[in-house]
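Peer 1: A single structure is presented below for examination.
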Amino acid sequence: MSALPNLITVLRILLVGPMSAFLLQGRYREAMVIFIVAGLSDALDGLLARHYGWTSRIGAALDPLADKLLVAALIVILTLQAHIPIWLAILIVGRDFIIMGGAGLYRLLFAEITFRPTLVSKANTVVQVVTLALLLMALAYPDMLDGAIHRVVDPYCFWVLAGLTGISGADYVLTWGRKALHRRDLRES
């Protein structure tokens, strides 16, 4: 049973394909359903892992990977379809590449790295998921509330997301940059 959270995470990774196919076909309602199922599965595997202590190194690696794949697929496809501004997509994807590159460099030069999301990073993730969910809802049901959802997402949610993405990225760079300088100083002394 301890492998159950990992199995749920793998299934979430497998949902990226059909969700992407539905998005590319303009079948936003179906894509939204898969996005919701993926979100619920993320909550379920986290709950099981924490409640029963069913944690593992592979699960700790797979869970954020599943989340990143799902969000990246949404962002790339919705940007290609001109539903997300390209500048926002570049900012979001660029932040993730900078964080991953910095983590790889830190590990190469210093030591194993363990990420603990900061409050601003968690807020960024929440706003990212809410923005994508609202955008999918606006695309799936364009006449709902007379199009008001889309008018809230673009520009308000986009600008809040951009601000938090920038702040979160800067927070990671500054935090891990300080840790790297501290480690370097310890080596030199």
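Peer 1: Do you know which of the residues in the range 41-85 that are among the acidic types (Asp, Glu) and crowded, with 19+ Cβ neighbours inside 10 Å is modelled with the highest pLDDT? Please lay out each step first, then the result.
Peer 2: Just the residues of the range 41-85 that are among the acidic types (Asp, Glu), to begin with: 42, 45, 63, 67.
Right, trim to crowded, with 19+ Cβ neighbours inside 10 Å and you get 45, 63, 67.
On the way: 45: 86, 63: 87, 67: 90.
Looking at residues that are among the acidic types (Asp, Glu) and crowded, with 19+ Cβ neighbours inside 10 Å, I get 67.
Peer 1: So how many residues does the range 9-27 have that are within 19 Å of residue 79 (Cβ to Cβ) and aliphatic (A, V, I, L, M)? Give the steps one after another, and end with the answer.
Peer 2: Initially, the range 9-27 is screened for residues within 19 Å of residue 79 (Cβ to Cβ), giving 16-17, 19-27.
Then keep just the ones that are aliphatic (A, V, I, L, M); that gives 16, 19, 21, 23-24.
Summing the residues that are within 19 Å of residue 79 (Cβ to Cβ) and aliphatic (A, V, I, L, M) in the range 9-27 gives 5.
Peer 1: A further question follows. Please work out if residue 31 is at pLDDT 95 or above and closer than 25 Å to residue 165 by Cβ. Step through it out loud before you land on a result.
Peer 2: On the way: at pLDDT 95 or above: yes; closer than 25 Å to residue 165 by Cβ: yes.
Yes; evaluated as a whole, the condition is true for this residue.
Peer 1: Sticking with this structure for a sec: In the range 86-97, how many residues are loosely packed, with under 14 Cβ neighbours inside 10 Å and within 12 Å of residue 165 (Cβ to Cβ)? Break it down into steps so the answer makes sense when it comes.
Peer 2: Of the range 86-97, the ones loosely packed, with under 14 Cβ neighbours inside 10 Å are 86-87, 90, 94, 97.
Of the ones still in play, those that are also within 12 Å of residue 165 (Cβ to Cβ) are 87, 90, 94.
Summing the residues that are loosely packed, with under 14 Cβ neighbours inside 10 Å and within 12 Å of residue 165 (Cβ to Cβ) in the range 86-97 gives 3.
Peer 1: Taking residue 109 and the conditions (1) surrounded by 14 or more Cβ atoms within 10 Å (Cβ to Cβ); (2) assigned by TED's automatic domain parsing to the domain that holds residue 172, which numbered condition does it fall short on, given that it satisfies the others?
Peer 2: Exception for residue 109: condition (1).
Peer 1: Quick check on this structure: which one of 136, 174, 105 is at pLDDT 90 or above and over 27 Å from residue 20 (Cβ atoms)? Lay out the reasoning, then the answer.
Peer 2: Values: 136 fails: over 27 Å from residue 20 (Cβ atoms); 105 fails: at pLDDT 90 or above.
Step by step, each of 136, 174, 105 is checked, and only 174 is at pLDDT 90 or above and over 27 Å from residue 20 (Cβ atoms).
This table checks each residue for (1) out of contact with any His (no Cβ under 6 Å at 6 or more places or on another chain); (2) under 16 Å from residue 39 (Cα atoms); (3) of a type in the set (S, T, N, Q); (4) free of Cβ contacts under 8 Å to residues at least 60 places away in the same chain.
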| residue | (1), (2), (3), (4) |
| --- | --- |
| 99 | yes, no, no, no |
| 121 | yes, no, yes, yes |
| 140 | yes, no, no, no |
| 145 | yes, no, no, yes |
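Peer 1: Given the conditions (1) exposed (fewer than 14 other Cβ atoms within 10 Å of the Cβ); (2) in a helix (DSSP H, G or I); (3) at pLDDT below 90, report the number of the one that residue 150 does not fulfil.
Peer 2: Unmet for residue 150, out of (1) exposed (fewer than 14 other Cβ atoms within 10 Å of the Cβ); (2) in a helix (DSSP H, G or I); (3) at pLDDT below 90: (1).
The values are calculated or read from the model by the stated rules, or taken from the named source; none is laboratory data. Worth saying up front: this structure is predicted, and the values here are computed from it rather than measured. Please note: Cβ atoms are built from the backbone with ideal geometry, for glycine as well, and neighbour counts cover all protein chains shown.
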